[in-house]
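One structure is given below, encoded as structure tokens.
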Amino acid sequence: MTEPAQLNTDNTVNDEAVTAFETSGPSPTSDCKGFEVRHLVKQYANADKPVLNDISFKVEHGTVLVVLGPSGSGKSTLLRTIAGLEPIQGGTISINDQVIDEGRPGTEKAGRSNRSSALRTRIGMVFQSYDLFPNKTVLGNITMAPLLVQKRDKAQVEAEALKLLDRVGLADRKDAWPHELSGGQRQRVAICRALILHPEVLLLDEITAALDPEMVREVLDVVLELAKAGQTMLIVTHEMQFARAIADHVILLDGGHIVEESHDAHAFFAHPQTERARQFLHTFEFE
Amino acid sequence: MVFDWSFVARYAPFFVNGTLMTLFISVFGILLAIVVGLVCAGIEIARVPVLRQIVRIYIELSRNTPLLVQLYFLYFGLPKLGVVWSAETCAIVGLGFLGGSYMAEAMRGGLEAVPKVQRENAYVLGLTPMQSITHVVMPQAISTAIPGIVANVIFLFKESSVVSAIALADVMYMAKDLIGMYYSTYESLFMLVVAYLVILLPISVLGTWLEGRFDYARR
């Protein structure tokens with residue numbers, strides 16, 4: 001496995017992190033283009049206007065997109081449509097130019113996209129509520145999908161799971177039950193559970209929003225390290241300092257539209273171009 | 001009146017036979033109830049049209065009529081319609097009919113208690129709908145439903161005493177028979193209580209163990 005293409009050139013890659021997080025997954029090919037959403041429309045059955053209207057953006061492989069926006073702006077819905085949890089009514093979602101989901105009108109009431117099991121494993125997701133499977137141990141949670149879905153070798157999967165756990169500082173908790181862990185620990189295990197499938201894109205939906213403040217840091221540090229290791233990620237967060245530190249690319253959603261997009265996160269936070277973005281960022285500032 | 005231990009010794013074998021009959025009827029009746037409950041809970045959770053309405057009607061009908069009436073219908077009513085079942089069959093079907101609705105409600109409660117995000121996690125991880133049910137939803141649903149299911153099992157064992165009314169020689173029937181023949185009220189009731197305790201105490205202990213074994217989702 002070669003190192004993932006590093007498109008952000010300003011940081012030195014932590015080799016250890018690369019080997020720990022990027023293992024023998026589906027290797028990005030030379031014509032690898034990353035992840036793309038084009039003209040995405042999400043409409044619910046009884047709503048008068050779409051929740052997401054004509055959303056287009058592209059995330060280069062190995063970079064991090066942070067999605068910001070007030071509540072109700074459609075951030076979580078966006079991640080859910082990308083994960084296949086909600087069917088889309090217009091546009092396309094593609095990975096490396098391969099379309100994995102296509103808008104189909106008439107699916108407003110449907111619960112899920114009809115994406116195949118194999119396609120789903122290419123996009124990982126961690127949710128806000130730190131829900132591990134309570135009927136499985138930490139190790140059981142992480143190894144379940146690779147064993148059931150990818151039919152990988154048990155010994156190899158367990159070895160990899162232990163390596164991931166070690167990386168997030170939880171190797172000694174491999175046999176613990178979820179109820180024995182703190183919220184922050186559960187979120188770190190949930191990240192391992194997503195990573196072991198070698199997702200080409202990892203979606204993080206406000207993963208620290210339900211945590212006690214002291215536990216936020218331990219989770220965000222893991223995510224920062226992942227970013228350094230070249231994991232492509234789409235992150236919805238309300239932690240602005242973290243967003244500024246990790247983003248290669250920012251979009252601000254409001255009312256189902258992208259109101260501002262920037263490929264220079266520092267510039268976006270320092271000098272937002274639109275009035276709406278200024279307003280939004282201002283709500284996080286205290287003199 | 002003096003408690004007559006020699007009577008107990010003499011007629012204990014009758015109670016053993018009656019206990020075996022109670023066990024036979026109850027075990028098969030409860031198994032039927034569990035199957036009926038699973039099917040009904042599945043139909044309700046999957047919101048299958050038409051079948052769902054039928055299940056609701058069945059549950060209301062089953063829970064709001066006494067087992068005795070259900071048994072009379074099966075044993076005395078059905079032959080008028082040309083269906084003649086043995087007393088054993090009537091008893092098992094009757095217990096299954098009554099217990100099925102109780103089991104369905106306990107199982108539905110368990111299934112509904114599994115948070116939606118659990119299934120979403122399973123979906124995102126690539127699990128097929130079947131794998132999601134067997135590896136994620138069912139284990140957690142069982143965990144929540146077990147106390148209710150165990151309570152229903154015990155309830156149905158006790159409810160089986162009603163089958164004596166259709167001339168099945170269960171343990172209740174033995175007690176009534178002996179009281180009628182010999183006025184041995186104390187001795188017979190004593191043996192009856194012992195017989196039910198012998199059946200139900202181990203089940204109660206087993207139930208408590210099961211609740212402990214499956215309690216991960218409630219912690």
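Here is how the numbers come out for the structure above:
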quantity: Pairwise label distance in nanometres, residue A:210 with residue B:3, each label 7 Å out on the Cα-Cβ vector; calculated: 5.7 nm
quantity: Fraction of accessible area attributable to carbon and sulfur, chain B (%, probe 1.4 Å); calculated: 72 percent
quantity: Quotient of Cα Rg and 2.2 N^0.38 Å for the stretch B:5-213, N being how many residues it contains; calculated: 1.22
quantity: Long-range HN-HN contacts of residue A:69 with modeled amide H, under 5 Å; calculated: A:253
quantity: The protein assembly as shown, Rg to Rh (Cα coordinates; Rh as Kirkwood inverse mean 1/r); calculated: 1.15
quantity: Top of B:88, B:187, B:60 by mean-square fluctuation, Gaussian network on chain B, Cα under 10 Å; calculated: B:60
quantity: Length-normalised contact order for the stretch A:141-287 - Cα pairs under 8 Å, 6+ apart - percent; calculated: 16 percent
quantity: Helix A:138-148 axis, angle to chain A major axis (alpha carbon atoms, nearest 10°); calculated: 80 degrees
quantity: Accessible heavy-atom area order of A:136, A:109, highest first, probe of 1.4 Å; calculated: A:109, A:136
quantity: Computed helical MRE - 222 nm, chain A, DSSP H runs ≥ 4 contributing -39500 (n - 2.57), nearest 500; calculated: -9500 deg cm²/dmol
quantity: Dipole magnitude of the protein assembly as shown about its Cα centre (Cβ charges: Lys, Arg +1; Asp, Glu -1), debye to nearest 20; calculated: 1800 debye
quantity: Nearest 10 degrees, 0 to 90: helix B:5-45 Cα axis against chain B principal axis; calculated: 20 degrees
quantity: Where chain A is the region considered: accessible area per residue in Å², 1.4 Å probe; calculated: 43 Å²
quantity: Average Cα contact separation per residue, chain A, under 8 Å, 6 or more apart, as relative contact order %; calculated: 25 percent
quantity: Modelled FRET efficiency - R0 51 Å, residue A:217 with residue A:45, Cβ distances, 0.05 increments; calculated: 0.80
quantity: Spin-label proximity, residue B:154 to the stretch B:100-124 - amide N less than 13 Å from point 7 Å beyond Cα toward beta carbon; calculated: none
quantity: Between helix B:51-63 and chain B: long-axis angle, C-alpha atoms, 0 to 90°, nearest 10; calculated: 30 degrees
quantity: Loop chymotrypsin sites (Phe, Trp or Tyr not before Pro), the stretch B:1-73 (other Cβ atoms within 10 Å of the site Cβ: 11 or fewer; DSSP); calculated: B:3
quantity: Net charge dipole size for chain B [Lys, Arg +1 and Asp, Glu -1 on Cβ; Debye, nearest 20]; calculated: 580 debye
quantity: Listed residue (B:55, B:137, A:227) projecting farthest to the positive dipole end of the protein assembly as shown, Cβ model; calculated: B:55
quantity: Radius of gyration and maximum dimension Dmax of chain A, Cα, Å; calculated: 18.5, 55
quantity: Point-charge dipole on Cβ atoms (K/R +1, D/E -1) for the stretch B:54-163, about Cα centre, debye to 20; calculated: 100 debye
quantity: Residue among A:90, A:69, A:106 with the largest mean-square fluctuation in a Gaussian network model of chain A, springs linking Cα atoms under 10 Å; calculated: A:106
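The values are calculated or read from the model by the stated rules, or taken from the named source; none is laboratory data. In this text, all values refer to a predicted model and were calculated from it rather than measured experimentally. No Cβ is skipped: glycine too gets one built from the backbone with ideal geometry, and neighbour counts run over all protein chains shown. To get the accessible areas, we keep the full protein, side chains included, count just its heavy atoms, and leave off ligands, DNA and RNA. Shrake-Rupley method; radii C 1.70, N 1.55, O 1.52, S 1.80 Å.
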